[in-house]
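Below: one structure, written as C-alpha cells.
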Ligand code: SF4
Ligand code: MG
C-alpha cells in the first residue's frame, strides 16, 4: 500500500479578538500538532468529543481552512501552501461529505443539477448528454431511484439526502473523502444503511477515507485505524483491533468503556470522567488530559507527553505508558 496522505504536526489556531479595538488577544488552539499517515484504500476513524478539533483538522486537510503550521502531503505533493489554480486542480482529488445533509444541500435545487454542478465547473466543455449519463449512474450507484434526477432535494428524507451529498462528493472521482460525522444527523435506523453504502463505495471507487465521529461505535465497522483526539491533540492512534481490545491511553480506555457491550457475559466497568473538557483557548499545562485523567500523577500537570510509538504501529501520548 502506498501512502496517500501524510499529515505532520498540523496546527490550526483561531485568533481570539478582544477589547475595544478588537485586537488579537489570544488563540484557540483547535488543532495543536496532529500527525498521521493514511495509505491508499485505508480508513482512519478520527474520534473525540465535540470541540476536540477533529472537524477543524478535517477542514484544514482539505484546505478549507488555512493551517497555522505543519504540513500536508497529498499523493506525494506538499499541498500545505498551494493556492489558486493549483489548489483548484487538487480539489478534484479530495472531497468532503458533511454532517448535515439538510444544511449542505440547497433544498430548491434539482438533484441532477446538484450532482452535475462540480462536473460542469471542472469540465465546462464536457457534453451535457455525457454529464447527465454520468450523474444518472452515480445516483443509481448511491441507491437513489431513477426519477431522483428531476426531483428537488427537499423532496427526500435525511438518509436519501445524504446519498445525494455522497453522489456529489463522488462526481469528480476523488481519491480521498473526508466524512465529517456523516450519519450523526440521521435516524438510527438509516445510519447503518449509509455506513454500508460508504463501505461499498470505498471498494468500487478505490477511495481512502478520513472518517470523523464523536462516537467509537460508529467508526467500529468503518475503520482500519483509529485516532483518538482530545483538545487538539491525537492522544492515541492504532489499528482498530488494538484500540478496541487493548486501549492504552486513559482517555481511550474511558471512551471504550462507554461503548455498549452486546454480550452480557463480557460485562465491563464504565469509566466515568469527571468534569468538562477544558477550553482550547486556555488549555491545561502539561498533559492536556490531566484535569480529568483518573490515573494522573503529579508530574502530569507539568510534563507534556509526546505521541510516541510504544509498540509497532501503536502510538500513545501518556507518560505512564511505555
Ligand atoms: Fe493521564 Fe498523566 Fe497519562 Fe496524561 S500523562 S493521560 S494525565 S497519566
Ligand atoms: Mg464536528
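What follows is calculated from the coordinates using simple rules that are stated; it is not laboratory data. Not measured: the values here are computed from a predicted model. Note that each Cβ is placed from the backbone with ideal geometry, even for glycine, and that neighbours are counted across all protein chains shown.
Here are a few things to note about the model shown:
- Label-to-label distance, residue 172 versus residue 303, with points set 7 angstrom from Cα along the beta-carbon direction: 4.6 nm.
- Between 43, 68, 12, the GNM of the chain built on Cα springs shorter than 10 angstrom shows 68 fluctuating the most.
- Nearest 10 degrees, 0 to 90: helix 158-170 Cα axis against the chain principal axis: 80 degrees
- The peptide list 28-38, 134-144, 103-113, 262-272, put in order of mean Cβ contacts within 10 Å with the highest first, becomes 28-38, 134-144, 103-113, 262-272.
- One chain, two ends: residue 40 and residue 244. Fully extended at 0.36 nm per residue, the span grows by 71.1 nm beyond their Cα-Cα distance.
- With 0.36 nm allotted per residue and the present C-alpha distance subtracted, the residue 126-residue 93 stretch has 10.0 nm of extension available.
- GNM top mover of 91, 168, 59 - the chain, alpha-carbon springs below 10 Å: 91
- Separation between Cα centres of the stretch 188-258 and the stretch 136-181, rounded to whole Å: 23 Å
- Taking the C-alpha atoms only, the angle from helix 188-205 to the longest principal axis of the chain is near 70 degrees.
- Burial ordering of 287, 293, 300, fewest other beta-carbon atoms within 10 Å first: 293, 300, 287
- Extension reserve of the residue 261-residue 103 stretch, reckoned as 0.36 nm per residue once the Cα distance is removed: 53.5 nm
- Rounded tilt (10° steps) of 111-122 against the dominant C-alpha axis of the chain: 80 degrees
- The distance linking the stretch 268-284 with the stretch 1-57 is 19 Å (Cα centroid to Cα centroid, whole angstrom).
- Globularity index of the chain, i.e. its alpha-carbon radius of gyration over 2.2 N^0.38 Å: 1.06
- Burial ordering of 190, 218, fewest other beta-carbon atoms within 10 Å first: 190, 218
- Structure-based [θ]222 nm, the chain - -39500 (n - 2.57) summed over DSSP H runs of at least 4, per residue, nearest 500: -8500 deg cm²/dmol
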